[in-house]
1. Filter the stretch 293-325 for residues that are in a loop (DSSP other than H, G, I, E, B), farther than 15 Å from residue 241 by Cα and either more than 21 Å from the chain's Cα centre (by Cα) or at pLDDT below 95 (or both) and give the result.
2. Applying the selection to the stretch 371-383, what residues are out of contact with any strand residue (DSSP E or B) (no Cβ under 6 Å at 6 or more places or on another chain) and closer than 22 Å to residue 172 by Cβ?
3. Regarding residue 222, is this residue closer than 30 Å to residue 26 by Cα and in a helix (DSSP H, G or I)?
4. So which of 73, 149 ends up being in contact (Cβ under 8 Å) with a residue 24 or more places away in the chain, part of a helix (DSSP H, G or I) and under 19 Å from residue 393 (Cβ atoms)?
5. Filtering the stretch 264-282 down to residues that are away from the ligand (no atom under 16 Å from the Cβ) and at pLDDT below 95, which residue is surrounded by the most Cβ atoms within 10 Å (Cβ to Cβ)?
6. Does residue 68 count as free of Cβ contacts under 8 Å to residues at least 40 places away in the same chain and part of a helix (DSSP H, G or I)?
7. Starting from the stretch 273-287, take each residue that is without any contact (Cβ under 8 Å) to a residue 40 or more places away in the chain and list its partners that are crowded, with 17+ Cβ neighbours inside 10 Å and assigned to a strand (DSSP E or B), counting only C-beta distances under 7 angstrom and pairs at least six apart or across chains.
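The values are calculated or read from the model by the stated rules, or taken from the named source; none is laboratory data. Because the structure is predicted, anything quoted here is derived from the model rather than measured. Heads up, the Cβs are rebuilt from the backbone with ideal geometry, glycines too, and the neighbour counts pull from every protein chain shown.
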Ligand code: BGC
């Protein structure tokens with residue numbers, strides 16, 4: 001069900017696309033990628049072993065946020081950002097089972113207080129890809145006992161940080177996390193698998209078990225957060241690629257794209273709204289999971305193009321390819337496809353929940369594509385708003401270049417350029433562009449003309465009803 005068109009609330013006059021009043025503009029980050037010195041989780045251990053991270057790079061000091069997150073957050077506030085999504089590191093808050101570190105909690109309280117004092121509303125993620133070592137030793141997310149430990153952690157965090165925060169994400173990209181950790185690992189006949197996450201396994205059925213434990217963990221954390229803070233707004237950060245068949249006219253390509261779309265794009269929403277956990281074929285219904293999303297977090301980077309391939313039995317005859325003519329980001333990380341975001345938002349609106357874009361970005365070290373990327377995606381969001389989709393905010397990935405998991409420091413997603421060795425920062429042109437949008441709560445033709453003139457006539461075409 002979609003809400004009523006927002007024509008009255010958002011403007012499109014005088015060559016300006018206005019966003020609704022109170023729209024949240026921010027960036028998203030994750031603890032391990034920015035804090036530095038996180039030595040008590042599975043990612044730290046993973047970084048130490050050879051062959052896991054591109055060129056043997058390490059997170060090390062990352063962006064030095066544990067010492068001074070305030071420096072970057074101050075820049076965010078100066079850009080006019082009024083919200084920021086960050087994650088808390090479970091292994092800092094609970095360094096050993098049942099032992100809570102008050103100093104770590106105080107540090108997070110100080111960061112959130114600083115954000116509030118500077119007009120930045122926090123959105124806090126409880127689990128963003130990292131798991132404490134003590135928990136991994138007990139099987140981590142393979143073990144259903146983790147569900148209640150995560151529930152207890154969620155309750156603790158809500159009590160500790162609830163004074164400053166009422167917007168929560170339980171899990172970041174649960175499907176992606178399970179795939180990268182339990183399916184992308186090296187099969188037995190290969191030494192290394194590229195771009196895998198700890199524990200680096202390759203076991204489809206174990207992966208599905210992890211998916212189930214994650215979603216049950218989400219449900220338990222959702223209820224724990226609400227017990228502590230009845231007015232909390234809780235959601236999942238859903239990785240949502242736009243999955244498309246290579247050839248729209250080929251029935252086989254279209255059929256091959258069905259399962260990847262169901263699993264990769266829609267399963268997080270199905271689980272946390274309808275209580276349906278994905279199995280290899282079909283769903284498992286879990287009553288306690290129904291309606292455990294107060295909002296839907298959409299994380300959009302790319303189109304994923306799927307072709308039918310009779311030899312790909314393990315992936316149900318689907319193979320990911322690159323669409324001919326597709327625009328690719330640095331290192332071919334993603335197929336840039338802004339229109340996909342509009343289609344996904346229209347469909348997501350049918351679930352009847354408010355929506356946040358909890359991540360969207362592009363690795364672009366030279367910053368020669370990011371300005372057009374930002375404009376094109378915000379234009380698609382504006383169109384969705386115009387058509388009644390209740391988007392409440394946008395969190396760009398990311399503020400400052402950070403440790404990009406298996407790619408190390410190779411992929412640069414920041415509005416701010418960072419030299420991880422010297423910690424020197426430099427505002428990219430995109431930072432100025434984003435600042436203009438945040439401050440004006442709008443996208444103007446002048447801005448588009450300045451940063452991506454090739455898009456002006458399209459974005460401000462008369463057919464859109466834009467004067
Ligand atoms: C993750 C981030 C990551 C980004 C770019 C998202 O899937 O949540 O942690 O850095 O993608 O790869």
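1. Looking only at the stretch 293-325, we keep the residues that are in a loop (DSSP other than H, G, I, E, B), and these are 293-295, 300-302, 309-317, 322-325.
Add one more test, that the residue is farther than 15 Å from residue 241 by Cα, and what stays is 293-295, 309-317, 324-325.
Selection gives 309, 310, 311, 312, 313, 314, 315, 316, 317, 324, 325.
2. Filtering the stretch 371-383 for residues out of contact with any strand residue (DSSP E or B) (no Cβ under 6 Å at 6 or more places or on another chain) gives 371-377, 379-380, 383.
Within the stretch 371-383, 373, 374, 377 qualify.
3. Values: closer than 30 Å to residue 26 by Cα: yes; in a helix (DSSP H, G or I): yes.
For residue 222, the condition - closer than 30 Å to residue 26 by Cα and in a helix (DSSP H, G or I) - is met.
4. Numbers: 149 fails: under 19 Å from residue 393 (Cβ atoms).
So the residue among 73, 149 that is in contact (Cβ under 8 Å) with a residue 24 or more places away in the chain, part of a helix (DSSP H, G or I) and under 19 Å from residue 393 (Cβ atoms) is 73.
5. 278
6. Values: free of Cβ contacts under 8 Å to residues at least 40 places away in the same chain: yes; part of a helix (DSSP H, G or I): yes.
Yes, satisfied.
7. 283/276; 283/277; 285/276
To keep it simple, each residue is scored yes or no on (1) touching a helix residue (DSSP H, G or I) at 6+ places or on another chain (Cβ under 7 Å); (2) closer than 28 Å to residue 337 by Cβ; (3) within 16 Å of the ligand (Cβ to nearest atom).
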residue	(1), (2), (3)
144	yes, no, no
216	yes, no, no
225	yes, no, no
241	yes, yes, yes
247	yes, yes, no
